[in-house]
Amino acid sequence: MGGTIYHAYVRSFRDSDGDGYGDLGGLIERFDHLVDLGVTALWLSPITRSPDHDWGYDVSDYLDVHPELGTLDDVDRLVDVAARQGVRVVLDLIPNHTSARHPWFVEASSSRSSPKRDYYVWADAQRDGSSPNNWVDDTGQSAWTWDATTSQYYMHNFLDLQPDLNWWNPRVHDEFDRIIDFWLDRGVAGFRIDVANGLYHDRALRDNPRNPRAVIWDTEVQGRYGIEHVHNFNQPEVHDVYRRWRARAEARCTPALLMGETWVARVDELAAYYGDDDELQLALNFPFLFAPFEPPALARIVADSVSAFPAGACMVWAGSNHDLPRAASRWANGDHRRIRLIQTLLATLPGTYVLYYGDELGMTDSDIPDHLHRDPLTAGRLNGQWPRDNARAPMRWDASPTGGFTTGHPWLPVHPVVEHNVADQTVDPNSTLALVRSLISLRRQHLSDPASSYREVHVDAHRWVFDSGPLRVSANFSDDDVPFDAGGDPLLSSLGPTPGASGSLRAWEAVVSRRRGDEG
Ligand code: NOJ
């Protein structure tokens, strides 16, 4: 758990059969890249069958693999290849909703008396025919869609083609117990749980409060489009689900991993998902992702997390994912010094380091022309949404026109920056890839304890100095050199050759040292 998780957006990692989509075969072919990085786990974006209205986050069969991505045999091969290298494979599990094409929903929407009716959330129209309440979905439209066949509305927190499951129904719990066991029995090591703070909704379907501060990037108020998500997210009952799943996870010879996409605004809410060390082992920290790239803001979230989380909880640090602008653009604005600083901080904070594919190369966001976008949720920039495809460009393996990603036509244009490729960066000792490999090796040596302590040493507008287990990390967030004392033996500089023990920290440099008096 104190390791490094590589987050592969499977369709964009590597295509093994020339159809333009990355696949499991591509992951197997290029597994050496993960071994060379030294990661401990591989998290795959959804691989199960789906009509791809939300690229796999709309599941139509939880127990089979999407044909474009491979087969169940490929999963077995991947798990086997990974196990031989000491790497664990983690799948994306989507329990909040299914695809509208899932046989459960097809059956449930066929009649009000369907045996599957109660797998989903149905409600009558109000007297004037309007939707049951003011909840909005992720696109800003009503979270309710009218089903003409059965004359009721169904609820969806995402697209109307992604009906929410009804977790008040015990049979839904049983279905997911079976799904979890199916994959764990195949040797999968655990799950990243999609919309982990969703699942339950208020049974009385009360209106949500309006609040102009309810916007996606707010780190205090949870919600979007001016509506707080009080009654359709973060319901207390969701914790019972994770206690049940954790017990199942612990019942395995090697306990399975449960990592939540806990998209909550505040760290005290996040802490609740660890329970009393009986719920999720890892809860993704969105307040950190949304913080401005300034020492006081970042350091405050880390310190608040340390004090809010239960003792021994493993923190988890990610800078990028497939839904948000990449850290290299969002935080670093493409500046290579800042990009290197970011990875150095993420890799040295105590806990788990999540590395989104391509971040090891310094990949920035693409600027894919509107007509080539493939993501229905953000295509057309509905309600000013940021186009997620820009963070999903196929990765470059070499400097060729298709980047060595595919022999066919890539599903999205390959990343435009030719220098962000594995072949060239592998032979360049000063590349971002070389830095990330060194950082992971340094973590393995010094930060293997998931509960390593964090201590803030100094924070001001331009500097952040902290102790992480036996390490001292000193970071300069400014365009000027600043004086510094390594506080021990310097092991690594984000900008290249190891610096001296004192002197100055260069502009946007971070130095990692082994603390004095902490040689044990
Ligand atoms: C979060 C996933 O990361 C995102 O890609 C997806 O659209 C929503 N959940 C809905 O499943």
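The values are calculated or read from the model by the stated rules, or taken from the named source; none is laboratory data. Keep in mind the model is a prediction, meaning the values are calculated, not measured. Glycine gets a Cβ as well: all are built from the backbone with ideal geometry, and neighbour counts include every protein chain shown. Side chains are part of the model used for accessible areas, which takes the heavy atoms of the whole protein and leaves out ligands, DNA and RNA. Shrake-Rupley method; radii C 1.70, N 1.55, O 1.52, S 1.80 Å.
For Asp61, what accessible surface area do you get with a 1.4 Å probe? Give it in Å², rounded to 10.
The accessible area comes out at roughly 50 Å².
Would you mind checking which residues have amide H under 5 Å from Thr352's amide H? H placed 1.01 Å from N; only 5 or more apart, or other chain.
Met315, Val316, Trp317
Taking the stretch 206-304, which chymotrypsin sites (Phe, Trp or Tyr not before Pro) meet the DSSP loop condition and have no more than 13 other C-beta atoms within 10 Å? Working shown, then result.
Numbers: sites: Trp217, Tyr225, Phe233, Tyr242, Trp245, Trp263, Tyr273, Tyr274, Phe288, Phe290, Phe293; in loops: Trp217, Tyr225, Phe233, Trp263, Phe293.
Those that pass, being in a loop and sparsely packed, are Trp217.
Where the centroid of each part is defined by its Cα atoms, how far is the stretch 236-283 from the stretch 59-118 in Å?
The stretch 236-283 and the stretch 59-118 have Cα centres spaced 21 Å from each other.
Determine the order of Glu175, Glu456 by accessible area, beginning with the largest, at a probe radius of 1.4 Å.
Glu456, Glu175
Using the C-alpha gyration tensor of the chain, what are the square roots of 5 times its eigenvalues, in whole angstrom, with the largest one first?
The three semi-axes for the chain are 38, 26, 22 Å.
Kindly report the accessible area of the stretch 453-515 per residue (heavy atoms of protein chains, probe 1.4 Å, no ligands, DNA or RNA), in Å². All intermediate terms of the calculation are to be shown ahead of the outcome.
Numbers: 2380 Å² over 63 residues.
Using a 1.4 Å probe on heavy atoms only, each residue of the stretch 453-515 averages 38 Å².
Can you compute 3J(HN,Hα) from phi for each residue in the stretch 17-31, using the Karplus curve 6.51 cos²θ - 1.76 cosθ + 1.60 with θ = phi - 60°, rounded to whole Hz and x for Gly and Pro?
10, x, 8, x, 10, x, 7, 5, x, x, 5, 5, 4, 9, 4
Tell me which trypsin sites (Lys or Arg not before Pro) from the stretch 121-196 have a DSSP coil assignment and no more than 15 other beta carbons within 10 Å of their own.
Qualifying residues, ordered by number: Arg127, Arg186.
Is the shape of the stretch 453-515 best called rounded, prolate or oblate, per the rule: a/c under 1.5 gives rounded, else a/b larger than b/c gives prolate, else oblate, with a ≥ b ≥ c the square roots of the Cα gyration tensor eigenvalues?
oblate
Taking each pair of distinct Cα atoms in the stretch 103-155 once, what is the resulting Kirkwood hydrodynamic radius in Å? Please list the in-between numbers first.
Details: mean 1/r = 0.0871 Å⁻¹.
After inverting the pairwise mean of 1/r, the radius is 11.5 Å.
When only the heavy atoms of the protein chains count and the probe is 1.4 Å, how do Arg84, Arg443, Arg244 rank by accessible area, highest first?
Result of the area sort, largest leading: Arg84, Arg244, Arg443.
Just read off the accessible area of Phe31 with the full protein assembly in place, 1.4 Å probe, to the nearest 10 Å².
Spelled out: Phe31, probe radius 1.4 Å, area about 10 Å².
Once fully extended, how much extra length lies between Glu456 and Phe182, figured as 0.36 nm per residue of separation less the alpha-carbon to alpha-carbon distance?
In short, 94.3 nm is gained.
Under 5 Å between amide H atoms, partner at least 5 residues away or on a different chain: which partners does Gln152 have, H built in plane at 1.01 Å?
Hits under the 5 Å cutoff: Asp147.
Scan around Asp61 for amide H atoms under 5 Å from its own, H built in the peptide plane at 1.01 Å from N, and keep only partners 5 or more places away or cross-chain.
Hits under the 5 Å cutoff: Arg49.
With runs of 4+ DSSP H residues as the only contributors, calculate the mean residue ellipticity of the chain at 222 nm using -39,500 (n - 2.57) per run, divided by the residue total and rounded to the nearest 500.
One gets -6500 deg cm²/dmol as the mean residue ellipticity at 222 nm.
So for Asp23, Asp479, what's the accessible-area order with a 1.4 Å probe, most first?
Values: Asp23 5, Asp479 100 Å².
My answer, sorted largest first, is Asp479, Asp23.
Considering only the chain, what is the antiparallel percent among its DSSP beta bridges, to the nearest 5?
About 60 percent, rounded to the nearest 5.
Nearest-5 percent of antiparallel DSSP beta bridges in the stretch 171-310?
Numbers: 3 of 9 bridges.
Percentage antiparallel, nearest 5: 35.
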